[in-house]
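Student: Structure incoming, see below.
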Amino acid sequence: MKKILSFVDSSKQNYLDELKTFLAIPSVSSQKDCDNDTRRCAEWVRDQMLIIGLSKSQIFETKGHPIVFGELITDSKKPTILFYGHYDVQPVDPLNLWTTPPFEADVRNGNLYARGSVDDKGQVFAHFKAIEAILKHEKELPVNIKMLIEGEEEVGSANLENFVKENKKMLKADLVLISDSAMYAKGIPSICYGLRGLAYMEIEVVGPNRDLHSGSFGGAVHNPIQALSEIISSLHDENGKVTIPGFYNDVQKITSKERKAFSKLPFSDKKYMKDLGIAKLYGEKGFSTNERTWVRPTLECNGIWGGYTEEGAKTVLPSKATAKISMRLVPNQTSKKMEKLFSNHIKKIAPKSIQVSVKALHGGEAVVTPLKSPGVKAAVSALQKAFGKSPLFQREGGSIPIVVQFKHLLGLDTVLLGFGLPDENAHSPDEHINLDNFFGGIRTAIYFYYDLPQFLKKG
Ligand code: BES
Ligand code: MN
Ligand code: MN
């Protein structure tokens with residue numbers, strides 16, 4: 001173990017150089033003009049799996065972006081980890097807000113800046129290097145490892161579900177391990193046991209059959225941007241509650257035990273507001289900030305456009321306006337049902353002066369993972385050793401759609417062992433990963449592989 005860890009310590013610069021080549025590939029899954037790069041990224045992952053010492057690694061085609069699967073099975077008696085991660089990344093716009101280009105990774109102030117650095121290439125790469133470091137010093141890994149790295153997580157993992165269904169045998173394992181979330185705070189490692197689900201929608205409002213002169217027609221025609229704004233602003237009431245009838249019907253009440261546990265976590269609304277540059281918090285009345293983002297369903301407008309948005313002025317009353325809206329869901333809600341509820345409500349409240357159409361883009365279900373599993377115990381032990389501190393338990397507001405399917409289709413529980421930080425700008429300009437946590441992540445992975453067999457034996 002000592003040899004392995006000191007090897008990791010002396011390889012830091014090499015790791016950063018290699019990670020930079022992974023981060024240089026613009027694998028933006030939602031953008032067609034990145035399709036070739038996204039494939040190139042899958043090939044990079046396939047090759048990397050062989051470089052680190054897995055015995056098999058293969059690209060699987062899907063209707064969308066390829067899936068990469070690799071494995072190293074040493075001994076059928078050893079426990080098997082199914083590691084899941086994603087090589088795709090979010091779009092980079094607004095590009096002008098990046099301090100350095102998103103696909104030219106840059107190290108400054110102890111952080112590595114690039115799109116995908118924390119979500120999720122950097123965290124996946126930490127496991128690659130953990131495996132490689134062990135195999136450079138030992139004949140075999142203490143566990144069997146299967147690695148499933150997909151290219152469509154950021155667009156809802158639509159094709160992965162089928163892949164899992166069709167490859168149950170190949171994916172057979174004792175547990176799923178994912179590093180695609182954040183620690184609670186710097187210096188406070190955590191294990192995440194809950195993720196929200198998602199229903200992602202698009203609304204299009206069409207008014208007149210062409211763009212109009214806003215002077216000649218303004219006053220006589222309902223402006224689609226205005227109509228859309230009216231619809232969106234009606235979706236919350238003065239208590240921050242979503243007004244769609246039935247929105248909260250399937251929501252389970254937060255237990256007093258969990259409420260108490262959340263309230264004991266170190267958290268300051270003041271610090272939170274200061275960090276985000278906001279003067280006041282907004283949200284559902286009667287719930288704390290962590291409750292609002294972890295265990296309550298919410299609705300957000302993610303983007304809105306229409307009319308003239310280029311330089312200077314153009315007085316126009318536009319023909320249409322569009323918005324993207326995400327609903328974050330909690331256990332017991334289903335994305336299908338919420339999509340329906342949303343569509344029906346929007347159509348019902350839309351004024352006669354415009355035409356509205358609603359599309360469901362993608363979705364996924366919320367999940368809560370058990371805290372008493374051997375995998376979680378091994379994760380606690382590993383984090384303790386790697387960061388010198390016991391982790392706390394938290395939930396998260398983000399989504400990883402396939403986690404629920406791992407349970408349903410493979411019967412597997414997932415351990416969410418994340419090394420990011422909440423303020424590392426995932427999905428935003430200047431995304432970065434803290435280097436201490438990145439290297440701590442490699443150490444944690446190594447400890448986890450070594451500790452897991454004991455905990456599985458103890459049951
Ligand atoms: N890694 C995130 C999910 C996440 C974020 C987990 C924060 C824990 C903490 C993942 O890559 C992600 O962004 N998922 C999308 C899923 C969606 C596009 C289906 C999300 O949450 O928006
Ligand atoms: Mn991610
Ligand atoms: Mn993401």
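The values are calculated or read from the model by the stated rules, or taken from the named source; none is laboratory data. Keep in mind it's a predicted model, so treat the numbers as computed, not measured. Every residue, glycine as well, gets a Cβ built from its backbone with ideal geometry; the counts of neighbours run over all protein chains shown. The area values use the complete protein model at the heavy-atom level, side chains included, leaving out ligands, DNA and RNA. Shrake-Rupley method; radii C 1.70, N 1.55, O 1.52, S 1.80 Å.
Student: Tell me whether region 102-116 contains one or more residues that are buried (at least 21 other Cβ atoms within 10 Å of the Cβ), hydrophobic (A, V, I, L, M, F, W, C) and either within 16 Å of ligand 1 (Cβ to nearest atom) or under 24 Å from Pro142 (Cβ atoms) (or both).
Tutor: Yes, there is a match, as at least one residue in region 102-116 is buried (at least 21 other Cβ atoms within 10 Å of the Cβ), hydrophobic (A, V, I, L, M, F, W, C) and either within 16 Å of ligand 1 (Cβ to nearest atom) or under 24 Å from Pro142 (Cβ atoms) (or both).
Student: Filter region 79-101 for residues that are assigned to a loop (DSSP other than H, G, I, E, B) and more than 14 Å from ligand 3 (Cβ to nearest atom); which is nearest to the chain's Cα centre (by Cα)?
Tutor: Applying the filter and picking the extreme gives Asp93.
Student: Taking into account only those residues within region 248-272 that are open to solvent by less than 40 Å² (accessible area, probe 1.4 Å) and free of Cβ contacts under 8 Å to residues at least 60 places away in the same chain, which is nearest to Ala199 (Cα to Cα)?
Tutor: So the residue we want is Ile254.
Student: Quick one: which of Ala133, Ala126 is in contact with a helix residue (DSSP H, G or I) (Cβ under 7 Å, 6 or more places away or on another chain), in a helix (DSSP H, G or I) and within 16 Å of ligand 2 (Cβ to nearest atom)?
Tutor: Among Ala133, Ala126, only Ala126 is in contact with a helix residue (DSSP H, G or I) (Cβ under 7 Å, 6 or more places away or on another chain), in a helix (DSSP H, G or I) and within 16 Å of ligand 2 (Cβ to nearest atom).
Student: When region 117-145 is examined, which residues are found to be of a type in the set (Lys, Arg) and either under 24 Å from His362 (Cα atoms) or surrounded by fewer than 22 Cβ atoms within 10 Å (Cβ to Cβ) (or both)?
Tutor: Lys121, Lys136, Lys139
Student: So which of Pro331, Pro245, Pro297, Pro318 is surrounded by fewer than 17 Cβ atoms within 10 Å (Cβ to Cβ) and touching a residue at least 24 places away in the same chain (Cβ under 8 Å)?
Tutor: Pro245
Student: Every residue in region 156-202 that is within 30 Å of Ile231 (Cβ to Cβ) and surrounded by fewer than 20 Cβ atoms within 10 Å (Cβ to Cβ), please.
Tutor: Hits for region 156-202 are Ala158, Glu202.
Student: What is the number of the single condition among (1) within 12 Å of ligand 1 (Cβ to nearest atom); (2) part of a helix (DSSP H, G or I); (3) surrounded by fewer than 19 Cβ atoms within 10 Å (Cβ to Cβ) that Val403 does not meet?
Tutor: So the condition that Val403 fails would be (3).
Quick grid of which residues meet (1) of a type in the set (Phe, Trp, Tyr); (2) in a loop (DSSP other than H, G, I, E, B); (3) open to solvent by 20 Å² or more (accessible area, probe 1.4 Å):
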{"site": "Leu409", "(1), (2), (3)": "no, no, yes"}
{"site": "Leu412", "(1), (2), (3)": "no, yes, no"}
{"site": "Val415", "(1), (2), (3)": "no, no, no"}
{"site": "Asp423", "(1), (2), (3)": "no, yes, yes"}
{"site": "Ser428", "(1), (2), (3)": "no, yes, yes"}
{"site": "Gly440", "(1), (2), (3)": "no, no, no"}
{"site": "Ile446", "(1), (2), (3)": "no, no, no"}
{"site": "Leu452", "(1), (2), (3)": "no, no, no"}
{"site": "Phe455", "(1), (2), (3)": "yes, no, yes"}
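Condition check ((1) farther than 13 Å from Glu291 by Cβ; (2) assigned to a helix (DSSP H, G or I)) across all residues:
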| site | (1), (2) |
| --- | --- |
| Ser229 | yes, yes |
| Gly246 | yes, no |
| Val251 | no, no |
| Ile254 | no, no |
| Glu258 | no, yes |
| Ser263 | no, yes |
| Pro266 | yes, no |
| Tyr272 | yes, yes |
